Amino acid sequence: MATAKKPARPPTAEPKPVKCPTCHGTGEVSRTVRVGRRQRVVGRQTGLCLACLGSGEATTG
């Protein structure tokens, strides 16, 4: 006696990763550069986001 085959489920799409709230998914953040004794502001510089380590995805946990 043969059993009826169940229809195969379509593969589900993986959920999209959540963007990092600190860098908004870019992986870089802007910081003010200060120099001198009186900490004079000379500009801005981009650097690696320490919350997501440059991946742009929020960490879980």
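The values are calculated or read from the model by the stated rules, or taken from the named source; none is laboratory data. Note that this is a predicted model, so its numbers are computed, not measured. Every residue, glycine as well, gets a Cβ built from its backbone with ideal geometry; the counts of neighbours run over all protein chains shown. What goes into the accessible areas is simple: the full protein's heavy atoms, side chains included, and nothing from ligands, DNA or RNA. Shrake-Rupley method; radii C 1.70, N 1.55, O 1.52, S 1.80 Å.
Relative contact order for the chain: what percent, with Cα pairs under 8 Å and sequence separation of 6 or more? Walk me through the numbers before you get to the answer.
Working: 73 pairs, mean separation 20.9, N = 61.
So the answer I get is 34 percent.
Given a 1.4 angstrom probe, what's the average accessible area per residue across the chain, in square angstrom?
Values: 6020 Å² over 61 residues.
Value for the chain: 99 Å² per residue.
The 3J(HN,Hα) values that the Karplus relation (6.51, -1.76, 1.60; θ = phi - 60°) gives for the range 18-27 are, in residue order, 7, 6, 5, x, 6, 9, 6, x, 8, x Hz. Gly and Pro appear as x. For the chain, the Cβ-based charge dipole about the Cα centre amounts to some 280 debye (Lys, Arg positive; Asp, Glu negative; other atoms uncharged).
Remark on Glu57: its backbone amide H falls under 5 Å from those of Cys20, a criterion applied only to residues 5 or more positions apart or on other chains, H modelled at 1.01 Å from N. Take each peptide in 11-17, 46-52, count the other Cβ atoms within 10 Å of every residue, and average; sorted highest first, the result is 46-52, 11-17.
Over the range 16-61, what percent of the accessible surface lies on carbon and sulfur atoms, probe 1.4 Å? Don't skip to the end; give the middle numbers.
Numbers: 2000 of 3940 Å².
C and S fraction of accessible area: 51 percent.
Recomputing mean projected area of the Cα convex hull in nm² from the coordinates shown identifies the correct label among [x] 3.8; [y] 7.3; [z] 4.8 as [y]. Within the chain, the longest segment free of exposed loop sites, counting trypsin sites (Lys or Arg not before Pro) that fall outside DSSP classes H, G, I, E and B and have at most 10 other Cβ atoms within 10 Å, spans 6-36.
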